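Here's the structure, in structure tokens; my notes come after.
The values are calculated or read from the model by the stated rules, or taken from the named source; none is laboratory data. If you're wondering where the values come from, they're calculated on a predicted model, not measured in any experiment. Note: ideal-geometry Cβ built from the backbone for every residue, glycine included; neighbour counts use all protein chains shown. Quick note on the areas: whole protein, heavy atoms, side chains included, nothing else; ligands and nucleic acids left out. Shrake-Rupley method; radii C 1.70, N 1.55, O 1.52, S 1.80 Å.
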Amino acid sequence: MQLTTASQIISFAKELEDKAAKLYQELAARYPEAKEVFLSFAKENKKNEIVVQRTYNEVVTDAIETGFSFEGLEADPYMIDVDLAQNVPLSSAIKKAEEIEERIQNFYTTAAEMSKGLLADIPRTFERIAKKRTERKGKLTSL
Amino acid sequence: MAILEEPIKEVMVLKNYVGGEWVQSKGELQDIVNPATARVIAKVPYSTREEVDEAVQAAKQAYPEWARTTPLGRVRHLFRFKELLEDNFEEISRIQTMEHGKTIDESRGETRRGIENVEVATGIPTLMMGYNLEDIASGIDEYLIRQPLGVFSCIAPFNFPFMIPLWFTPYALATGNCMIVKPSSRCPITQARVIELVDEAGFPPGIWNVVHGSGSMISSALMEHPDIEGITFVGSTAVAKEIYRECGQFGKRVIAQGGAKNFMVIMPDADLGNTIPALMTSFYGNTGQRCLSGANAVVVGEEDAFYQQFKEAFVGAASRIKMGYGLDESVQMGPMQSKKAKERVLGYIEKGIKEGAKIILDGRKAKIAGNYPETCFLAATVFEDVTLDMTIAKDEIFGPVGNIMRAKDLDEAIEMIHTSPYGNEASIFTSSGKSAREFQHRVNCGNIGINVGIAAPMAFFPFSGMKDSFFGILHGQGQEAIRFFTESKVVIQRWW
């Protein structure tokens with residue numbers, strides 16, 4: 001699937017955040033030893049969803065290139081699968097979470113790079129969220 | 001791609017909103033059709049002259065008390081209204097797509113632009129301030145105060161059914177006037193939803209009224225009405241000129257914005273990577289139905305290599321535009337607003353071919369994403385070898401048609417712009433500050449874009465326009481709108 005418009009990009013970003021939040025809620029329920037960290041991630045995912053939507057709603061105008069800023073951005077490399085097999089050890093779950101975080105970070109970074117010259121505020125928000133993902137990956141590794 | 005949920009589920013029958021009441025018009029009902037699906041989504045009444053008069057009387061009656069309401073008291077209504085617009089942002093945007101055809105990104109962009117005008121107008125306690133000077137003569141002070149005038153009217157076009165009434169109405173109300181909005185008879189549903197929010201925001205009855213109907217009948221009833229102080233209009237140049245003339249005759253204030261034929265100048269040092277998306281938005285955004293749309297792309301320079309590179313990139317991007325129902329988020333261009341509008345554009349395409357322009361991308365062979373009738377769909381079209389004497393280079397086509405032209409240097413490009421009777425917008429794409437500055441200084445257009453394809457002024461700047469694109473003195477939006485909706489009164493005082 002190709003993403004082309006700002007509207008698609010925002011919906012896709014929200015979908016990623018939503019899926020990731022669900023995964024972390026699931027992880028929190030399964031692994032009480034890391035519950036606090038996982039729940040904080042889920043909360044942050046929800047916040048990101050709001051921030052992404054708000055940024056778009058507050059800057060979208062007919063004068064910026066919302067329809068033509070992401071031509072050729074393939075969604076497939078950034079799709080995430082959050083299904084978790086039963087009885088997987090915490091280490092495998094963390095590995096999966098790290099992979100997912102990597103994909104989400106790559107999505108934000110690529111989308112920001114593509115639209116930098118045209119949409120300004122949206123790529124700035126994306127870059128900020130992508131940067132935070134690095135911290136998150138560090139926390140996952142340390143678990 | 002899935003279609004976003006349609007907010008209009010069944011055929012709506014629109015009513016006027018007069019004196020804080022919903023009033024069923026006695027006039028005939030006309031169908032409003034979703035241009036993408038060709039389904040009837042509403043019926044709009046064609047109100048009678050008597051109904052226009054009733055609205056004026058309601059506004060006139062409400063005016064004295066509203067004018068004496070404190071500026072802060074007046075803007076509190078606007079703050080509530082703004083919050084309601086935010087709460088209903090998505091629904092309002094989707095209604096625009098349903099009645100106009102524009103993409104959801106474009107509709108949301110329009111919603112944001114409209115809300116920004118409400119936000120700016122909430123600054124009226126500061127913006128409406130006058131000025132003073134102590135001791136203009138010994139012991140004598142002088143000051144200026146701004147006062148409202150009475151009842152105004154806004155006659156709105158179809159292409160921005162939400163935003164354009166908000167270029168004027170929030171300022172009119174915030175300064176203490178009353179307003180009668182005549183929404184476009186082609187796209188009236190958005191304003192019908194807006195007025196529901198006005199009602200919910202609790203504006204006093206008669207302050208903000210809506211009368212639906214025929215543009216020509218209602219315009220003439222309002223212009224001739226002795227209790228109307230002024231008219232704001234956005235539409236074609238022919239009608240804008242007529243409104244300007246009649247308002248002059250009847251002694252009314254007027255803002256009359258007309259048509260356009262906008263030139264986009266591409267210098268050889270332009271960054272094509274960013275220029276092309278900007279031009280796609282300019283030429284094909286809103287399906288070319290806006291007075292800031294690019295129409296003539298003038299490629300500067302005698303070097304063929306740059307011209308070819310530009311042409312390939314422009315045509316390539318235009319040919320990839322995904323056309324379909326605007327509620328599909330992946331769609332980049334919606335249909336024309338009506339079948340009649342499409343036929344008008346088709347006529348221009350045929351004329352272009354007949355007059356010798358070369359069609360290098362033919363939008364008549366439209367590919368529609370999804371299963372929708374072709375009725376209003378017309379894809380991006382590009383002509384080259386277009387000369388200034390051709391009809392397609394001169395007339396406002398108001399559709400997804402772009403002309404590629406050439407100029408040997410910036411001087412010639414500016415001369416080309418000045419052959420047009422219009423002066424709404426012109427843009428330059430360049431990496432040279434010198435060229436940009438020269439362009440900004442010399443070009444006689446009200447809105448200048450520098451590496452910007454849609455030079456749409458923000459709410460705190462006037463929506464400018466020159467020559468046959470604007471008739472009047474003060475423009476809509478920002479400080480100029482505040483001047484338009486107020487009278488300046490000068491007081492000189494001395495105390496013994």
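Counting only residues at least eight positions apart within a chain, or on another chain, the aspartates and glutamates with an alpha carbon under 16 Å from that of A:K139 are A:E33, A:E36, A:E44, A:E98, A:E99, A:E101, A:E102. From the largest down, the protein assembly as shown spans 87, 62, 62 angstrom on the principal axes of its Cα atoms. Considering the range A:2-142 at the alpha-carbon level, its Rg and Dmax are found to be 15.6, 52 Å.
Could you tell me whether the range B:131-273 comes out rounded, prolate or oblate from its Cα gyration tensor? Rule is a ≥ b ≥ c as square roots of the eigenvalues, rounded for a/c under 1.5, then prolate if a/b exceeds b/c, otherwise oblate. Here the range B:131-273 falls in the oblate category. Summing charges over all other residues whose Cβ lies under 15 Å from the Cβ of B:G423, with Lys and Arg as +1 and Asp and Glu as -1, gives +1.
To the nearest 0.05, how large is the calculated FRET efficiency for B:R494 and B:F461 if R₀ is 45 Å and r is the Cβ-Cβ distance?
Values: r = 39 Å, r/R0 = 0.87.
Computed FRET efficiency for B:R494 and B:F461: 0.70.
Quick one: compute the contact order of chain B, relative version, from alpha carbon pairs under 8 angstrom and 6+ residues apart, as a percent. Intermediate results must be reported in sequence, preceding the final value.
Numbers: 1176 pairs, mean separation 93.2, N = 496.
Normalised by residue count, the contact order of chain B is 19 percent.
Working from the Cα coordinates of the range B:64-200, the gyration tensor eigenvalues give, after taking √(5λ), semi-axes of 35, 14, 13 Å in decreasing order.
Coordinate range of the alpha-carbon atoms in the range B:262-450 per principal axis, descending: 50, 31, 31 Å.
In this structure, the pairs whose alpha-carbon distance is over 26 Å, taken from B:K342/B:K367; B:K311/B:K394; A:K14/B:K322; A:K47/B:K102; B:K358/B:K434, are A:K47/B:K102; B:K358/B:K434. Shielding by partners for peptide B:280-287, expressed as the average number of C-beta atoms from other protein chains within 10 Å of each residue's C-beta, is 3.
Can you tell me what share of the DSSP beta bridges in the protein assembly as shown is antiparallel? A percent to the nearest 5 is fine.
Values: 34 of 78 bridges.
In the protein assembly as shown, DSSP labels about 45 percent of beta bridges as antiparallel.
When the residues B:H418, B:H441 are ordered by accessible surface, computed with a 1.4 Å probe over the protein chains alone, the sequence from largest down reads B:H441, B:H418. Measuring only protein heavy atoms, the 1.4 Å probe finds B:Y244 accessible over about 100 Å². Take the Kirkwood radius over Cα pairs of the range B:360-496, plug it into Stokes-Einstein at 37 °C and 0.692 mPa s, and you get 178 µm²/s for translational diffusion. Ignoring lysines fewer than eight residues from B:K60 along the same chain, the ones with Cα atoms less than 28 angstrom from its Cα are B:K15, B:K26, B:K82, B:K182, B:K241, B:K252, B:K489.
Would you rank B:E6, A:E33, A:E74 by solvent-accessible area, highest first, keeping every protein chain in place and using a 1.4 Å probe? Intermediate results must be reported in sequence, preceding the final value.
Values: B:E6 45, A:E33 130, A:E74 75 Å².
Result of the area sort, largest leading: A:E33, A:E74, B:E6.
Neighbouring Cβ atoms from other chains, within 10 Å of the Cβ of residues in B:106-112, number 6 on average.
Rounded to the nearest whole Hz, the Karplus-based 3J(HN,Hα) values (6.51 cos²θ - 1.76 cosθ + 1.60, θ = phi - 60°) of the range B:22-30 follow the sequence 7, 10, 6, 6, 7, x, 5, 9, 10, with x at glycine and proline. The phi torsions of the range B:373-388, fed into the Karplus equation with coefficients 6.51, -1.76 and 1.60 and a -60° offset, translate into couplings of x, 6, 2, 10, 7, 8, 7, 4, 10, 10, 10, 10, 6, 8, 10, 5 Hz, rounded to whole numbers, with Gly and Pro shown as x. When the Cα atoms of chain B are aligned to their principal axes, the ranges along those axes come out at 79, 62, 39 Å in descending order.
Among the residues of A:64-76, the average count of other protein chain beta-carbon atoms within 10 Å of the residue beta-carbon is 6.
Among the protein heavy atoms, those of B:V40 account for about 60 Å² of accessible surface (1.4 Å probe, every chain in place).
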